[in-house]
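Okay, structure first, notes after.
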Amino acid sequence: KHRSNLKSVSDETLIALLSSKRRNEALTELYQRYGSRVFGYFLRMFRGDRDKAQDFVQELFLRILEKHHQFDPNKTFSTWMFTIASNMCKTAFRKEPVKLPIQGNEKVYLSDDDHSKKAFNTALMEALGDLEEVHRSAFILRYINHLSLKEISEISDIPLGTVKSRLFNATKKMAEALKEFQPNENNLFKLQ
């Protein structure tokens, strides 16, 4: 009954509700809004490892519940959430710098030909996996999660110029790695 009321409230109101009796409902609503976006982020950061991505999504929402009092209401919830997600990835890469298996079955690119779609997905996951973690994170946040340069700067805690430089380098490497698919403005950077 109450859940329908939460669908129309702001993210900031939901964060405030995490301190109330309605915390489970509020966390559920935040998960409904952002769960698939952060799953996609983690999936690409961990080169298609679906189990690891799902584990990180669960851990992320636990951290949101535990640290909700640290949320700055002057910022957007999604920026704060992706900052936590980005930091989780940095920590994971410091702990285990091993290459993870590539599973190119995540739908990222739509075409008429299933074979082309699978080939592109596999190549995309490999190309993302070959990027340095800082370039991969910037690329995923910008072109897959559609965040602004300013949001990426805040999430990564780096100057705007550094974000632009990382995106330039990542884009150049991705275009080179995917050149057989003729990446251009219409198919490489409009990923869904």
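Quick notes
- Number of the exception - residue 67 against (1) farther than 24 Å from residue 135 by Cβ; (2) in contact with a helix residue (DSSP H, G or I) (Cβ under 6 Å, 6 or more places away or on another chain): (2)
- Applying the criterion of being part of a helix (DSSP H, G or I) and small (Gly, Ala, Ser) to the residues of the range 1-47, the residue that is most open to solvent (accessible area, probe 1.4 Å) is 36.
- Residues in the range 9-49 that are closer than 20 Å to residue 80 by Cα and of a type in the set (S, T, N, Q): 10, 13, 19, 24, 28, 32, 36.
- Among the criteria (1) assigned to a loop (DSSP other than H, G, I, E, B); (2) at pLDDT 85 or above; (3) more than 24 Å from residue 17 (Cα to Cα), the one residue 109 does not fulfil is (2).
- For beta carbons closer than 8 Å, sequence separation of 6+ or different chains, a first residue in the range 57-78 that is under 15 Å from residue 36 (Cβ atoms) and assigned to a helix (DSSP H, G or I) and a second that is open to solvent by less than 20 Å² (accessible area, probe 1.4 Å) and not hydrophobic (A, V, I, L, M, F, W, C), the qualifying pairs are 57/35; 61/35.
The values are calculated or read from the model by the stated rules, or taken from the named source; none is laboratory data. All values reported here derive from a predicted model rather than from experimental measurement. Here Cβ is always computed from backbone atoms with ideal geometry, including for glycine, and neighbour counts include all displayed protein chains. What goes into the accessible areas is simple: the full protein's heavy atoms, side chains included, and nothing from ligands, DNA or RNA. Shrake-Rupley method; radii C 1.70, N 1.55, O 1.52, S 1.80 Å.
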